[in-house]
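Novice: Input: one structure, supplied below.
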Amino acid sequence: MTTRQKLKQIAANLWWSWQPDAIDLFRQLNPDVFGATDNNPLRAVKHSRSEVLSDTEFNRKVDAVYTRLQAYLSTDGELAAAPRIAYFCMEYGLHESLPLYSGGLGILAGDHTKAASDLGVPLTAVGLFLREGYFKQYFNEKGQQQADYPAKPVTSLPIELAENDSGDPITVTVHLGHQPIVLRAWILSVGRSRLVLLDCDIDPNPFQYRYLTRRLYAGDTRTRIRQEILLGIGGLRMLRALGEEPERYHMNEGHCAFVGLELMRERLATGQSRDEAEQWVRDHCIFTTHTPVKAGHDRFDSDLFLDQMSHYRSELAMSDGDLLSYGRANPADVSEPFTMTILGLRLASITNGVSRLNGEVARAQWHHLFPEKPVEQVPIGHVTNGVHLPTWTSPLARPFLDSRLPGWLEDPDAWLNVDQIPDNELWEYRRQLRKALIEFAQERGRKQTLPQNPSLDPDVLTIGFARRFATYKRAPLFFHDMQRAIEFFASEDRPLQMIYAGKAHPADSSGKEFIRHIYELTQHPALHGRLVFLENYDMEIGRMLVSGADVWLNNPRRPYEASGTSGQKVAVHGGLNFSILDGWWPEGFDGTNGWSIGMDSSAAYMDPAVQDDQDAGFIYDTLETSILPAFYDRNGGQIPEGWITMMRSAMRKLPYQFSARRMVRDYAVNYYMVEALPTGG
Ligand SMILES: *Cc1c(COP(=O)(O)O)cnc(C)c1O
């Protein structure tokens with residue numbers, strides 16, 4: 001096999017995306033092309049420089065990576081005995097060159113798929129092809145967010161069309177209303193896992209239906225229910241057509257919950273009674289809910305729902321009322337819409353939220369579905385989210401971790417050795433990572449559509465804030481009291497600087513206004529150059545920010561952040577979280593490994609304006625009395641001992657506990673491998 005063929009095979013499995021040495025090879029092939037295509041390896045291979053391909057040392061490295069990939073694929077992981085899992089989700093965040101994600105839900109699904117691969121849990125994931133993905137963000141001269149949807153050429157993606165033995169595409173048909181829609185599937189390899197991407201942009205589908213699998217979260221509720229029918233019903237049919245034989249069905253968030261109905265249809269078709277079918281489906285399904293935000297739960301008017309289900313209903317042989325009852329809290333209420341989360345909760349016996357607090361909140365939120373139970377017995381548990389460490393750890397950090405904390409990717413105890421690392425080494429580690437971020441931000445800032453001219457200082461305390469600009473995340477909270485905020489930036493001896501990134505959903509005018517506002521602040525004379533907004537938040541910007549920022553600021557309105565994961569990516573790099581006690585942070589924070597904002601009480605705040613005042617005040621006070629001293633008080637050797645102590649504490653405890661490895665293990669052991677799933681509710 002030629003070097004080029006080996007490189008193509010490496011590029012064809014996303015395993016490469018969490019192997020720094022593989023990434024290096026692709027970059028070397030053609031750094032300009034690689035950088036200009038969101039680090040797309042197939043493009044780099046296509047435009048390889050011949051002098052690199054003929055270099056002996058390069059060839060030796062390709063061989064080594066190729067051999068490692070083959071070894072990875074041919075060995076079983078430690079959880080290979082787990083049942084075969086079909087995992088459904090609307091979005092997947094796997095790499096910046098595959099824009100199949102909008103935010104945390106997608107990143108989580110991508111990390112889940114990768115960690116399942118590492119552990120050997122046999123998993124096939126299902127999603128939509130989304131060739132135009134989620135939008136690319138840029139700014140106009142007023143600092144307003146603009147959206148662009150560049151379609152990816154199929155040849156630039158590491159996918160293969162699923163074909164049968166005679167070389168024809170494997171297809172399945174699903175009805176939207178009375179309109180039959182044909183789906184084909186693209187297969188993406190993610191280590192040992194597979195991701196099946198459904199595509200309806202083909203003949204013989206009528207033109208006005210073909211866009212349905214092209215863009216993520218674009219369009220009205222009719223588009224949305226259609227996409228969800230394709231994902232849930234079409235997705236399961238496709239798995240059958242591909243010959244997959246899953247033993248458990250994991251529905252990740254309500255978008256895909258029609259899987260449950262399609263399983264019902266299959267059981268009913270075997271002659272089972274409705275009760276038997278329901279029992280079987282519940283015994284084989286896991287449903288994960290991700291948000292207490294009401295708008296995050298798709299609800300469809302019964303007219304729209306029945307219209308889109310008009311043909312499917314006859315396949316199910318169920319009355320309108322019976323069908324609707326699966327998505328209604330009160331089946332007798334004919335005005336109640338059909339809610340996807342309720343469908344998921346009704347057809348899965350194991351259901352969970354994504355942090356301890358979120359589990360509690362979800363039990364209260366859905367208590368009305370289980371009126372006979374006290375709220376603590378509502379059958380919704382929790383598995384706290386975690387991040388795929390190999391994906392989110394900076395390549396710069398790896399040699400240090402490999403040499404000082406051997407086993408850091410798999411072994412929680414490896415992290416205890418952080419106590420043996422001398423202070424000055426830890427500080428140098430932090431400094432190098434911050435410096436790399438500053439260089440990246442300087443360059444990105446200058447190159448973006450609406451250029452910024454950052455004058456960031458590699459020795460100044462750097463705060464990172466990057467996430468979707470959903471309003472509950474309160475991106476501009478830091479500037480609640482402009483005067484106080486400015487004083488921090490302008491301080492002579494203890495200054496700070498901030499880097500922002502994030503997209504608002506194109507239909508979210510308040511979120512877009514937050515972006516414009518922060519952009520405007522970057523032009524404020526007292527903040528200019530020290531407050532930077534990077535365009536087009538994606539996984540690459542994410543990786544840079546979570547590795548380089550000293551402080552990761554997270555100030556959602558409690559308890560709306562179901563878990564949050566960006567802060568989990570920070571600790572491995574010695575960064576510290578400064579967060580509302582929401583989502584995962586009440587489980588992570590122990591008083592010594594970062595900072596909290598506000599109180600850890602379930603008491604809902606009275607008035608959002610009061611909450612903003614209080615939380616902003618808390619942020620300023622904590623900065624002044626704790627964070628700035630920890631960073632700027634130095635000993636004789638110029639080491640901030642206070643900071644180093646907290647950094648050690650964070651590194652000892654957080655990276656493994658909030659890793660996707662721990663998370664998938666929890667799902668596997670507590671949910672997937674349970675022989676006979678208990679039947680709640
Ligand atoms: C980690 C990550 C997220 C999730 O961020 P939260 O802080 O959990 O909302 C979203 N987008 C990208 C690109 C990420 O890397």
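Here's the yes/no breakdown for (1) within 24 Å of Tyr620 (Cβ to Cβ); (2) of a type in the set (Gly, Ala, Ser):
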site: Leu433; (1), (2): no, no
site: Glu439; (1), (2): no, no
site: Asp457; (1), (2): yes, no
site: Ala470; (1), (2): yes, yes
site: Lys473; (1), (2): yes, no
site: Ala490; (1), (2): yes, yes
site: Asp493; (1), (2): yes, no
site: Ala504; (1), (2): no, yes
site: Leu521; (1), (2): yes, no
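Novice: Wholly within the range 293-334, which helices (runs of 4 or more DSSP H) include no fewer than the required count, namely at least 2 residues that are in contact with a His (Cβ under 8 Å, 6 or more places away or on another chain) and either closer than 30 Å to Gly583 by Cβ or not aliphatic (A, V, I, L, M) (or both)? Give the steps one after another, and end with the answer.
Specialist: Numbers: elements: 302-308, 310-316, 320-325.
Per the criteria, 310-316.
Novice: A follow-up question, please. Could you tell me which residue of the range 27-53 is nearest to the chain's Cα centre (by Cα), considering only residues that are of a type in the set (D, E, K, R) and closer than 18 Å to Leu14 by Cα?
Specialist: Here is the first cut: in the range 27-53, the ones of a type in the set (D, E, K, R) are 27, 32, 38, 43, 46, 49, 51.
Next cut, closer than 18 Å to Leu14 by Cα only: 27, 38, 43, 46.
Values: Arg27: 25, Asp38: 18, Arg43: 25, Lys46: 29 Å.
Ranking the qualifying residues of the range 27-53, first place goes to Asp38.
Let's see how each residue does on (1) within 16 Å of the ligand (Cβ to nearest atom); (2) closer than 27 Å to Ile580 by Cα; (3) of a type outside the set (Val, Ile, Thr):
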| residue | (1), (2), (3) |
| --- | --- |
| Ile438 | no, yes, no |
| Pro451 | no, no, yes |
| Arg468 | yes, yes, yes |
| Leu477 | yes, yes, yes |
| Met482 | no, yes, yes |
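Novice: Please state which one of Asp21, Asp32 is modelled with pLDDT of 95 or more and over 21 Å from Leu73 (Cβ atoms).
Specialist: Details: Asp21 fails: over 21 Å from Leu73 (Cβ atoms).
Going through Asp21, Asp32 in turn, just one is modelled with pLDDT of 95 or more and over 21 Å from Leu73 (Cβ atoms): Asp32.
Novice: Answer yes if at least one residue in the range 573-591 is in contact (Cβ under 8 Å) with a residue 60 or more places away in the chain, charged (D, E, K, R) and away from the ligand (no atom under 16 Å from the Cβ), and no otherwise.
Specialist: Among the residues of the range 573-591, at least one is in contact (Cβ under 8 Å) with a residue 60 or more places away in the chain, charged (D, E, K, R) and away from the ligand (no atom under 16 Å from the Cβ), which makes the answer yes.
Novice: Any residue that is near the ligand (Cβ under 9 Å from one of its atoms) and over 19 Å from Gln442 (Cα atoms) - is there at least one of those in the range 531-540? Spell out the reasoning first.
Specialist: First, the residues of the range 531-540 that are near the ligand (Cβ under 9 Å from one of its atoms): 537-540.
Right, trim to over 19 Å from Gln442 (Cα atoms) and you get none.
No, the range 531-540 contains no residue that is near the ligand (Cβ under 9 Å from one of its atoms) and over 19 Å from Gln442 (Cα atoms).
Novice: Looking at the range 272-282, is at least one residue farther than 25 Å from Leu130 by Cα and either in the same structural domain as Thr471 (by TED's automatic domain parsing) or touching a Pro at 6+ places or on another chain (Cβ under 7 Å) (or both)?
Specialist: Checked the range 272-282: no residue is farther than 25 Å from Leu130 by Cα and either in the same structural domain as Thr471 (by TED's automatic domain parsing) or touching a Pro at 6+ places or on another chain (Cβ under 7 Å) (or both).
Novice: May I ask you to say which residue of Gly104, Gly110 is touching a Ser or Thr at 6+ places or on another chain (Cβ under 6 Å) and either at pLDDT 95 or above or assigned by TED's automatic domain parsing to the domain that holds Asn536 (or both)?
Specialist: Working: Gly110 fails: touching a Ser or Thr at 6+ places or on another chain (Cβ under 6 Å).
Of the residues listed, the single one that is touching a Ser or Thr at 6+ places or on another chain (Cβ under 6 Å) and either at pLDDT 95 or above or assigned by TED's automatic domain parsing to the domain that holds Asn536 (or both) is Gly104.
Novice: Restricting the range 547-571 to residues that are within 28 Å of Gly381 (Cα to Cα) and assigned to a helix (DSSP H, G or I), which is nearest to the ligand (Cβ to nearest atom)?
Specialist: Only one residue fits best here, namely Ser566.
Novice: Do you know which of the residues in the range 90-113 that are more than 11 Å from the ligand (Cβ to nearest atom) and either among the aromatic types (Phe, Trp, Tyr) or surrounded by fewer than 24 Cβ atoms within 10 Å (Cβ to Cβ) (or both) is farthest from Gly567 (Cα to Cα)?
Specialist: Taking the candidates together, the pick is Ser97.
Novice: Scan the helices (runs of 4 or more DSSP H) fully inside the range 602-659 and keep the ones with 3 or more residues being out of contact with any Leu (no Cβ under 9 Å at 6 or more places or on another chain) and in contact (Cβ under 8 Å) with a residue 24 or more places away in the chain. Please lay out each step first, then the result.
Specialist: On the way: elements: 608-622, 628-632, 641-657.
In the range 602-659, the matching helices (runs of 4 or more DSSP H) lie at 608-622, 641-657.
The values are calculated or read from the model by the stated rules, or taken from the named source; none is laboratory data. As the structure is a computational prediction, the values presented were derived from the model and not from experiment. Note that each Cβ is placed from the backbone with ideal geometry, even for glycine, and that neighbours are counted across all protein chains shown.
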